[in-house]
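Quick note: the coordinates plus some simple rules give every number you see, no bench work behind them. Since this is a predicted model, take the numbers as computed values, not measurements. When we count neighbours, we look across all protein chains shown, and the Cβ atoms used for this are built from the backbone with ideal geometry, even at glycine.
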Amino acid sequence: MSLSILVFYGSYREARAGIRLADYTVSQLAGRGHAVELIDAKEVGLPMLDKRYMDYAPGTAPANMVALAERLVAADAFVFVAGEYNWGIQPGLKNLVDHYGNAEWARRPAGIVSYSAGRMAGARSNSAWHPTLTSLGITIVHSTVAVGGITSSLDESATPIGEGGAALDRAFPAFMEELEWWGAAVKAAKGQ
């Protein structure tokens, strides 16, 4: 069953190594026949949170905010490519998520793919995302992927390299299978 999957990435840094993992994720899911779209927080360009989407009167929200809300509601599943900054969540991705509420996020599964430059592989960020996403009504799939040493695991074209890349290639199929199971259940429940 083909699913509509949104992959979120949130780094605003000049040298964005995590985009490699976002591109790899998109490629792997698309290779299984899914309609996958990368949502890059930097490209979406939402301002620092002042007014949430729900705080705007109908027809008055900024166009980029409306367009993303429509894509969120239509999606069957989400993947968050979560970098770790100072032992925590990336601010760019958190800002994007916080612009929307349960009406846009709820009753869909999400997988978390974390990364960092160091050996912790974004594990602290991965853990920190769980309460944030579940508070929005998102079901977090059990299987996760964590990539340490991001630049020595994926080259600039998002091709796995070295031991880290080999570990990523081994772990990703189980992650996708679980996300697909939950996504198919959601799609069936929506009657599509």
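Observations on the structure shown:
- Taking label positions 7 Å along the Cα-Cβ direction at both SER2 and LYS42, the computed distance is 3.1 nm, reported to one decimal.
- Other residues with beta-carbon under 12 Å from the beta-carbon of ALA171 carry, at +1 per Lys or Arg and -1 per Asp or Glu, a net charge of -2.
- DSSP finds beta bridges in the range 1-88, and of those with both partners inside it, around 10 percent are antiparallel.
- Calculated FRET value between ARG16 and ARG119, using beta carbons and R₀ = 25 Å, to 0.05: 0.80
- Highest mean packing comes first when the peptides 70-76, 114-120 are listed by Cβ atoms within 10 Å, giving 114-120, 70-76.
- Other residues whose C-beta falls under 12 angstrom from the C-beta of GLY137 contribute a net charge of +1, scoring Lys and Arg +1 and Asp and Glu -1.
- Separation between Cα centres of the range 1-16 and the range 124-192, rounded to whole Å: 11 Å
- Using only side-chain charges placed at the Cβ, +1 for Lys and Arg and -1 for Asp and Glu, the dipole size of the chain relative to its Cα centre rounds to 320 debye.
- Positive contributions from Lys and Arg (+1) and negative ones from Asp and Glu (-1), summed over other residues with Cβ under 10 Å from the Cβ of ALA158, come out at -2.
- Degrees between helix 162-189 axis and first principal axis of the chain (Cα, 0 to 90, nearest 10): 30 degrees
- Label-to-label distance, TRP87 versus ASP155, with points set 7 angstrom from Cα along the beta-carbon direction: 3.7 nm.
- Counting only Cα atoms, the size of the range 58-115 along its three principal axes is 39, 23, 15 Å, in decreasing order.
- Estimated at 0.36 nm per residue, the fully extended path between SER27 and ASP98 surpasses their Cα-Cα distance by 22.9 nm.
- Gaussian network model of the chain, springs between alpha carbon atoms under 10 Å - residue of PRO58, PRO131, PRO47 with greatest fluctuation: PRO58
- Most simply put, the chain has about 10% antiparallel DSSP beta bridges, counting only bridges with both residues inside it.
- In the elastic network of the chain, a GNM with C-alpha springs shorter than 10 Å, the most mobile of ASN126, ASN64, ASN95 is ASN64.
- Springs join every pair of Cα atoms under 10 Å in this Gaussian network model of the chain, and among ALA166, ALA110, ALA128 the largest mean-square fluctuation is at ALA166.
- Anchor LYS94: lysines whose Cα lies under 20 Å away (excluding residues fewer than 8 positions away in-chain): LYS42, LYS51
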